[in-house]
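Visitor: Supplied in structure tokens, the structure appears directly below.
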Amino acid sequence: MHIVTRARGFDLSEEVREHVRRRLGFSLDWAYDRVISVLVVLSDVNGPRGGKDKRCRIQVAVTGAADVLIDDTQADLYVAIDRAVDRAGRTLARHVARQRQRQPGRTSEARAVLLAGAQPDVAATTV
């Protein structure tokens, strides 16, 4: 999984970069074969004024589906990262579940044929 982390409005420390990498690993490793790349953009919206202004925007590029886009803004940068990464993982899981419902795999069809003891219809299974 290719991860790109960028910061706007502040210097990105190695500690923050590692936190992003570790959290994405926890949340998205199960889908490593579906995730092409992840872009994380961290920004300080209000600058020195403070307040609820730390934004974490995540874009997950997925094979065979639209990108997953997540945006979260919090007062603390680490909380914004954690929440956005958790939401990205849940959203990706929903997308994968929907894909499986729409396109049942050939393996499940083949398994059903074998369990039934019938000969598979070769003409129906060739691509």
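FYI, it's all coordinate maths here, none of it is from the lab. Just so it is clear, the model here is predicted, and its values are computed rather than measured. As a convention, Cβ positions derive from the backbone with ideal geometry for all residues, glycine included, and neighbour counts pool all protein chains shown.
Visitor: Of the options V40, Q101, G64, report the single residue whose Cα projects farthest towards the positive end of the charge dipole of region 2-117 (beta-carbon charges: Lys, Arg +1; Asp, Glu -1).
Guide: Of the candidates, Q101 comes out farthest on the positive side.
Visitor: Okay, moving on. Taking the Cα centre of region 1-65 as origin, work out the dipole magnitude from +1 charges on Lys and Arg Cβ and -1 charges on Asp and Glu Cβ, in debye rounded to 20. Could you put the intermediate results ahead of the total?
Guide: Numbers: 12 positive and 8 negative charges, 56 e Å.
With only Lys, Arg, Asp and Glu charged at Cβ, the dipole is about 260 debye.
Visitor: Which of rounded, prolate or oblate describes region 2-117 when judged by the alpha-carbon gyration tensor and an a/c cut-off of 1.5?
Guide: Prolate, since a/c reaches 1.5 and a/b exceeds b/c.
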